[in-house]
Amino acid sequence: MDIPTVSVDTHARRATGPIVLLGAPGAGKGTQAKLIAAHFGIPQVSTGDLLRDHVRRNTPLGQQAQAIMGRGELVPDQLVCGMVEGRLAEKDCEQGFTLDGFPRTVAQAQWLDGRLQAGLLRGKPAQKVPLLVIDIAIDYGLLVQRLTARRTCPHCGAIYNLHFNPPRKPGVCDGDGSNLITRKDDEEAVIVERLKTYERQTLPLTDYYRQGGALRRVDGAGTVEQIAQAIRDLLERRGDVSCRSSA
Ligand code: AP5
Ligand code: MG
């Protein structure tokens, strides 16, 4: 699949099991999912990235999703769940995976619970590790500033910020020299709609997962490294993350 990925150290791959990153648009889900991938060797499964890849390739799903994403609304559950099911069936998800931007509705969360209970990871090392849901909590005031200043590498997927994490050379990816792009939904009017959508449809998930006991919260207002450390601490503290080779 031709979507940006980070290189992961497969020798350090660990059976983290399934991880969900919750948080408002701009909370830092993608930034942290890449750091989890680099540290624990498990893939980032970003539904936003997967959908943007469908749009780029002009697939039937991409054609349906494009206008919806442009308005800052959610793509229908059935379409997104089908896409996620296919991605989680790939071999690199056997030890665990970080879901970035999924689930986003209670119906998607119920679907995921059903798939995990039905043995999505059946026979795999990560099977015994319960779902961990990490909510990156942040004040809305910071989000617009973060999102309007975001720039992304279309090839390696690196995420930059003109204020907080600028590239060394303006407009150019440090990693592979590609020209950086601005996401179409990062204009202020669409950001406002995305935040409304988040409040209405995704915020209820924090209660859903709190009741199930899977929810942990980190402070999204810290630096990227502070948040990454808090997430690593959560994962290591679970005591059930064991080092395994990818072989
Ligand atoms: P998606 O791509 O998931 O967008 P989003 O949820 O709006 O989240 P973002 O990617 O904008 O933010 P992020 O939390 O990843 O932050 P990032 O790390 O980039 O979804 C796009 C669209 O696809 C949706 O609107 C919807 O239409 C559709 N969709 C996707 N999933 C779906 C689903 N499950 N169901 C239905 N529809 C779905 O960071 C943001 C900026 O802040 C960057 O510039 C970064 O460098 C900077 N930054 C990050 N952390 C920090 C920090 N600690 N300090 C300072 N700056 C920071
Ligand atoms: Mg993202």
| query | PRE reach from ALA214 (point 7 Å along Cα→Cβ): which of the range 43-62 fall under 16 Å by backbone N? | reply | 45-47
| field | Nearby lysines by direct alpha-carbon distance to LYS196 (threshold 25 angstrom, same-chain neighbours under 8 apart not counted) | value | LYS29, LYS184
| request: Report the equivalent ellipsoid semi-axes for the chain in whole Å, largest first, defined as the square roots of five times the eigenvalues of the gyration tensor built from alpha carbon atoms. | output: 26, 21, 19
| task | Per DSSP H run of n ≥ 4, the term is -39500 (n - 2.57); total these for the chain, divide by its residue number, and report the mean residue ellipticity at 222 nm rounded to 500 deg cm²/dmol. | result | -12500 deg cm²/dmol
| note | The extension gain from THR206 to HIS155, computed as 0.36 nm times the residue separation minus the Cα-Cα distance, is 15.1 nm
| remark: The alpha-carbon center of the range 24-58 and that of the range 68-145 are separated, in whole Å, by 11
| Which of PRO204, PRO18, PRO43 moves the most in a Gaussian network model of the chain with Cα springs under 10 Å? | PRO204
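Rule-based calculations on the coordinates, nothing more; no lab input. Since the structure is predicted, the reported quantities are computational estimates derived from the model, not experimental observations. Cβ sites come from the backbone with ideal geometry, for glycine too, and all protein chains shown count toward neighbours.
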